[in-house]
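Structure first, then comments.
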Amino acid sequence: MGISLFSLAHLAQLPLALAAKTWTVGQTVNTTSGLLLGHPSEWAPDVSEYLGIPFAQAPVDSLRWAAPVRYSSTASFNASDFGNTCPRLGGNVLNATNKAFANVTNVGAAILGLQGAPNDTFSEDCLTANVWTKPQTGDASKPVIVFIHGGGFSSGACTNPFESGAVFADEQDVVFVTFNYRLSIFGFPGHTNTDKVPYNLGLLDQRLAVEWVRDNVKAFGGDPSRITLFGSSAGAASADYHSYAHVDEPIASSFIPASGTVTAFGAITSQAAAEKWFEVSKTLGCGGSSAGVDDVLACMRGKSTGEVMAAIPPVTGFSAVQSSFTATVDDTLVFADYSDRTPAKLPLLIGSNDAEAELFEVTSALKGKTFGGSFWAGVTNAIFTCPVALRANWSLNADQPTWRYRFSAAFPNTHLSTNGYSGAWHGSQNVILFGNSRLSGDADTTEEKDFAAYLRGAWAAFARDPQSGLVDYGWPIYSPGKDTLVELSGQDGRKASFVNGDEYDLNCTPIAVVTGTPTVKATPSAMGSGSDSSTSASGNDSGNLLPPSLGVISVLITSLFIR
């Protein structure tokens, strides 16, 4: 391949990037993915934005359902547009009828609509990354924050406008990176020949993306020894999975799992994954478990993306966890029992939101299903509060410097519904933290702007110095039973206060929070009441201790996720 006109036009800029002496916005950067030409961010014109950077070869044809293969190029690449979005399960369709039934605000409709990726192009050729960075001044390198998007391992994308890193990079002078990973059946298949088709391809994609950051971030002014792995929801669980799977070579220097942990969402067994895989293969006419597994794979690779996605059984009620493709126990990346395992001994900032399940209350209502408020409070406890408490204690037991927060902030441009007080729902912290809440259609209040900047300052302080940055910021190291949990309310001018974490953990079984699987105290009336009476959240009537890996978790997986 000859040198393109594009290459000739921009070769003159290359020495600037290599010498790191005089940096300019959008300059060409030399990476293992090629010579990347950036551009000023629309939202922060002093920030260089590099979009749609391939870090893995397109996982198509023989690479469909195969471990990701590193992408390498010396050609020029115009990093001006986001790449494709990975095939994903559909989100909620908003119309006048269901918006009225769910009492969704105009702001809520805007948020839910944008997170549904209405303008994205979907393709299996989707393994790309995005980088935001300001031109470097001097030789000092910057901390790096790598963000893993959420979406229940079945939806979401790095194109989510609420999760652009431009404001972060502009205000805090960090290098901010996002990326895609394969989702649903393409990212988490249940093929039984795991030598050819690993279960957790999406997690392997994530690992390759982090390796790409390690190998290339210096060219963007970043410090490869200061990489913070930050994730939200399933992305948080992913970050946590990596902290256990790569103890000897974590690459990251610190972790921020926000509203998700290794115990939160209930990884499925290999047997369950295989059942779902063969259910789809039979639907596609490729044979079931009695057919040769290699023949099934070859047949499945011959089907179109649309055919494969259409063959995934629809999710209804609370059976979602039984019919979705998600993180699968393989005892390499995902383990069956974390109680006797030790994570990488690195600093941890972990937390959850005050009203996580309010998002699912709204998205459930959009599907015509309503449940009592006590039910949703139980979901928040079972899947978020209690697993976070458990993980924080495990971190302390592993001698990791640990900070724990509780996010309770809500502002007019983050209210999803008019049903009572619309609080800090699942994912709302990102709308505020990333500085993009104005996209909901209402401008930020002055108080919200100040609070959001304070949050970004905390995240950046942790990334700059994971050992003591937050202590210098005024946040105490977490200690159960003491006023060390950072409560982030953003109300009445208060940015943070410090409370006893036990106040939020009252419904968690104490012994489980210390040693084992997180559970939540619940009664059938609290956890199983509602207009959908075909199932109960717990799957039984004992009404005592509800493990989050049982029925209640399925509220979150696939059927109600919109990102």
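The values are calculated or read from the model by the stated rules, or taken from the named source; none is laboratory data. Every value quoted in this text rests on a predicted model; they were computed, and no experiment measured them. Every residue, glycine as well, gets a Cβ built from its backbone with ideal geometry; the counts of neighbours run over all protein chains shown.
Per-residue answers, yes or no, for (1) more than 25 Å from the chain's Cα centre (by Cα); (2) at pLDDT 95 or above; (3) in a loop (DSSP other than H, G, I, E, B):
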{"position": "PRO15", "(1), (2), (3)": "yes, no, no"}
{"position": "LEU18", "(1), (2), (3)": "yes, no, no"}
{"position": "ASP46", "(1), (2), (3)": "yes, yes, yes"}
{"position": "GLY90", "(1), (2), (3)": "no, no, yes"}
Query raised in the report: Out of region 237-272, which residues are free of Cβ contacts under 8 Å to residues at least 60 places away in the same chain and on the phi > 0 side of the Ramachandran plot?
Result: ILE251
Report task. Among the candidates PHE168, PHE147, PHE188, PHE176, single out the residue that is surrounded by 24 or more Cβ atoms within 10 Å (Cβ to Cβ), over 30 Å from ASP46 (Cβ atoms) and at pLDDT 95 or above. Result -> PHE188
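Can you report the number of residues in region 478-497 which are of a type outside the set (Ser, Thr, Tyr), assigned to a loop (DSSP other than H, G, I, E, B) and either touching a Ser or Thr at 6+ places or on another chain (Cβ under 9 Å) or surrounded by fewer than 17 Cβ atoms within 10 Å (Cβ to Cβ) (or both)? Working first, answer last.
Let us first name the residues in region 478-497 that are of a type outside the set (Ser, Thr, Tyr), namely 480-483, 485-488, 490-496.
Then keep just the ones that are assigned to a loop (DSSP other than H, G, I, E, B); that gives 480-482, 490-496.
Checking which are either touching a Ser or Thr at 6+ places or on another chain (Cβ under 9 Å) or surrounded by fewer than 17 Cβ atoms within 10 Å (Cβ to Cβ) (or both) leaves us with 481-482, 490-496.
Count: 9.
Can you pull out every residue in region 102-127 that is polar (S, T, N, Q) and outside any loop (DSSP other than H, G, I, E, B)? Break it down stepwise before answering.
Step one: of region 102-127, the residues polar (S, T, N, Q) are 103, 105-106, 115, 119, 121, 123.
Of everything in region 102-127, those that are polar (S, T, N, Q) and outside any loop (DSSP other than H, G, I, E, B) turn out to be ASN106, GLN115.
Could you please let me know if PHE335 is at pLDDT 95 or above, among the aromatic types (Phe, Trp, Tyr) and not in a strand (DSSP E or B)?
Numbers: at pLDDT 95 or above: yes; among the aromatic types (Phe, Trp, Tyr): yes; not in a strand (DSSP E or B): yes.
Against the criterion (at pLDDT 95 or above, among the aromatic types (Phe, Trp, Tyr) and not in a strand (DSSP E or B)), PHE335 qualifies.
How about region 128-140: which of its residues are in a loop (DSSP other than H, G, I, E, B) and modelled with pLDDT of 95 or more?
Our first condition is that a residue be in a loop (DSSP other than H, G, I, E, B); within region 128-140, this holds for 134-140.
Result: LYS134, single match.
Residue-by-condition table, conditions (1) touching a residue at least 12 places away in the same chain (Cβ under 8 Å); (2) touching a helix residue (DSSP H, G or I) at 6+ places or on another chain (Cβ under 9 Å):
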position	(1), (2)
PRO135	yes, no
SER141	yes, yes
GLY151	yes, yes
ASN160	yes, yes
PHE168	yes, yes
ASN180	yes, yes
ASP195	no, no
ARG226	yes, yes
GLY235	yes, yes
Query raised in the report: With (1) at pLDDT 90 or above; (2) among the hydroxyl-bearing types (Ser, Thr, Tyr); (3) crowded, with 21+ Cβ neighbours inside 10 Å as the list, and SER408 as the residue in question, which single condition is left unmet?
Result: (3)
Report task. Mind listing just one residue for me: the one in region 393-405 that is among the hydrophobic types (A, V, I, L, M, F, W, C) and within 22 Å of the chain's Cα centre (by Cα) and, of those, surrounded by the most Cβ atoms within 10 Å (Cβ to Cβ)? Result -> TRP403
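Do you know which of the residues in region 299-324 that are β-branched (Val, Ile, Thr) and at pLDDT 95 or above is farthest from SER364 (Cα to Cα)?
Initially, region 299-324 is screened for residues β-branched (Val, Ile, Thr), giving 305, 308, 312, 315-316, 321.
Among the residues that remain, those that are also at pLDDT 95 or above are: 305, 308.
Numbers: THR305: 28, VAL308: 26 Å.
My answer is THR305.
Taking ALA75 as the residue in question, decide whether it is surrounded by fewer than 23 Cβ atoms within 10 Å (Cβ to Cβ) and over 19 Å from the mean Cα position of the chain (by Cα).
Values: surrounded by fewer than 23 Cβ atoms within 10 Å (Cβ to Cβ): yes; over 19 Å from the mean Cα position of the chain (by Cα): yes.
So ALA75 fits the description; yes.
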Report summary line: When (1) assigned to a loop (DSSP other than H, G, I, E, B); (2) modelled with pLDDT of 95 or more are applied to ASP472, the one that fails is (1)
Query raised in the report: How do the pairs read when you match residues in region 78-107 that are farther than 19 Å from PHE360 by Cα with residues anywhere that are charged (D, E, K, R) and surrounded by 21 or more Cβ atoms within 10 Å (Cβ to Cβ), using Cβ under 8 Å and keeping only pairs 6 or more apart or on different chains?
Result: ALA79/GLU49; CYS86/ARG182
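Would you call LEU366 under 17 Å from THR263 (Cβ atoms) and touching a helix residue (DSSP H, G or I) at 6+ places or on another chain (Cβ under 7 Å)? Even if it seems obvious, please write down each step before you answer.
Values: under 17 Å from THR263 (Cβ atoms): no; touching a helix residue (DSSP H, G or I) at 6+ places or on another chain (Cβ under 7 Å): yes.
Against the criterion (under 17 Å from THR263 (Cβ atoms) and touching a helix residue (DSSP H, G or I) at 6+ places or on another chain (Cβ under 7 Å)), LEU366 does not qualify.
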Query - SER62, sole failed condition from (1) modelled with pLDDT of 95 or more; (2) not in a helix (DSSP H, G or I) - result: (2)
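List the helices (runs of 4 or more DSSP H) that sit entirely inside region 358-466 and contain at least 3 residues that are touching a residue at least 24 places away in the same chain (Cβ under 8 Å), in contact with a Pro (Cβ under 8 Å, 6 or more places away or on another chain) and not charged (D, E, K, R). Give the derivation first.
Values: elements: 358-366, 373-380, 386-397, 428-433, 446-464.
Fully inside region 358-466 and qualifying: 386-397, 446-464.
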Query - Residues that are within 28 Å of ASN200 (Cα to Cα) and either surrounded by fewer than 24 Cβ atoms within 10 Å (Cβ to Cβ) or in contact with a Cys (Cβ under 7 Å, 6 or more places away or on another chain) (or both), drawn from region 128-144 - result: ASN130
**Report entry** Complete set of residues in region 197-220 that are touching a strand residue (DSSP E or B) at 6+ places or on another chain (Cβ under 7 Å), touching a residue at least 40 places away in the same chain (Cβ under 8 Å) and under 20 Å from SER253 (Cβ atoms)
**Finding:** GLN206, LEU208, ALA209, VAL210, TRP212, VAL213, ASN216, VAL217, LYS218, ALA219, PHE220
